[in-house]
Amino acid sequence: MEHLKRKLDGIPWENVQQELHQQGYSVIENVLDNQSCSALIKNFENDKLYRKEVDMERFRFGKGKYKYFKYPLPDLIRQLREYVYPKLVPVANLWMKSLKLDVSFPSKLEELHARCATNGQHLATPLILKYEEGGFNTLHQDLYGEVYFPMQAVLFLNEKDMDYTGGEFVMMQQIPRAQSKAIVLRPKKGSMLIFTTNFRPVKGKKGYFRVNMKHGVSEVHTGERYTLGIIFHDATQ
């Protein structure tokens, strides 16, 4: 946990905020050490940690499995969530202001959760995902209710081209009255990718306009791919 705290304290958050505002995502390397990654993967089979398991193929979400953690969250996940959230609030509120939306986000995560609770959203949303050969995730958005935070994070728990091949992280930017743009990323093991949950502002000739975003995972060709998803708002189910 000390490694995580030192890493989070040392991140140039102003640069991350600038990247998020300019492009809708930011990749931060070496957030998790090998020990933390291995422990999270090992605990995939520890059902005591989870409130729900989803077989993606059953619901036509793709092919693979993911499990939602239950409260209280493991310390590492709780620390990540509580530390990162307030660093993202300035960007989230700037986005709402840029798009002239009457929404603002509180500075503390517990205040966001109180807002979720008034809307019937009480359940934890952090999750761990496992893809085997042939696995993939269709393009989607992680909203879980009317109250949602416009950014989330995913942490990569094993190494591309060593533990698995394929399995690229894909974002689709749906620009109004134009062709969609695909963004394909292959972060290293231990990296944290922060990205847009639903939409973001893009500056045009007449000011900012809204661009919808979805994300997914391309097909895994070999091996097993594990990631940890950090979503800040709570869920209804």
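The values are calculated or read from the model by the stated rules, or taken from the named source; none is laboratory data. Please read these numbers as outputs of a predicted model, since none were measured by experiment. Because the Cβ atoms are built from the backbone with ideal geometry, glycine has one as well, and the counts that use them run over all protein chains shown.
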(request) Go through region 1-41 and count every residue that is surrounded by fewer than 12 Cβ atoms within 10 Å (Cβ to Cβ), over 26 Å from H215 (Cα atoms) and free of Cβ contacts under 8 Å to residues at least 60 places away in the same chain. (result) 5
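Select, from V202, V211, V103, the only residue that is aliphatic (A, V, I, L, M) and assigned to a loop (DSSP other than H, G, I, E, B).
V103
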(message) So, F199, is that one crowded, with 17+ Cβ neighbours inside 10 Å and either touching a helix residue (DSSP H, G or I) at 6+ places or on another chain (Cβ under 9 Å) or among the hydrophobic types (A, V, I, L, M, F, W, C) (or both) or not?
(response) yes
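Only residues that are in a loop (DSSP other than H, G, I, E, B) and of a type in the set (D, E): list them for region 27-53, please.
E29, D33
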(request) Check L99 against each of (1) in contact with a helix residue (DSSP H, G or I) (Cβ under 8 Å, 6 or more places away or on another chain); (2) of a type in the set (A, V, I, L, M, F, W, C); (3) closer than 24 Å to W13 by Cβ and name the one condition it does not meet. (result) (1)
(message) Quick check on my filter: what residues within region 165-177 are at pLDDT below 95 and either within 18 Å of E29 (Cα to Cα) or in contact with a strand residue (DSSP E or B) (Cβ under 6 Å, 6 or more places away or on another chain) (or both)?
(response) Q173, Q174, I175
(request) Considering each of L80, L94, L112 in turn, give the residue that is touching a Phe, Trp or Tyr at 6+ places or on another chain (Cβ under 9 Å), of a type outside the set (F, W, Y) and modelled with pLDDT of 95 or more. (result) L112
(request) Hey, could you check region 114-155 for residues that are aromatic (F, W, Y) and out of contact with any helix residue (DSSP H, G or I) (no Cβ under 8 Å at 6 or more places or on another chain) and say which is nearest to K42 (Cα to Cα)? (result) Y131
(message) Tell me whether region 134-143 contains one or more residues that are touching a residue at least 40 places away in the same chain (Cβ under 8 Å), more than 28 Å from K70 (Cα to Cα) and in contact with an Asp or Glu (Cβ under 6 Å, 6 or more places away or on another chain).
(response) no
(request) Those residues that are crowded, with 16+ Cβ neighbours inside 10 Å and assigned to a loop (DSSP other than H, G, I, E, B), I need them from region 220-237; list them, please. (result) E224, I231, F232, H233, D234
(request) Just name the residue that is surrounded by the most Cβ atoms within 10 Å (Cβ to Cβ) out of those in region 120-164 that are touching a strand residue (DSSP E or B) at 6+ places or on another chain (Cβ under 6 Å), farther than 18 Å from C37 by Cβ and of a type in the set (S, T, Y). (result) T125
(request) Scan region 61-98 residue by residue and report those that are under 12 Å from F232 (Cβ atoms), crowded, with 17+ Cβ neighbours inside 10 Å and either touching an Asp or Glu at 6+ places or on another chain (Cβ under 9 Å) or free of Cβ contacts under 8 Å to residues at least 24 places away in the same chain (or both). (result) V89
(request) Would you confirm whether any residue within region 55-67 is of a type outside the set (A, V, I, L, M), under 17 Å from the mean Cα position of the chain (by Cα) and closer than 30 Å to F209 by Cα? (result) yes
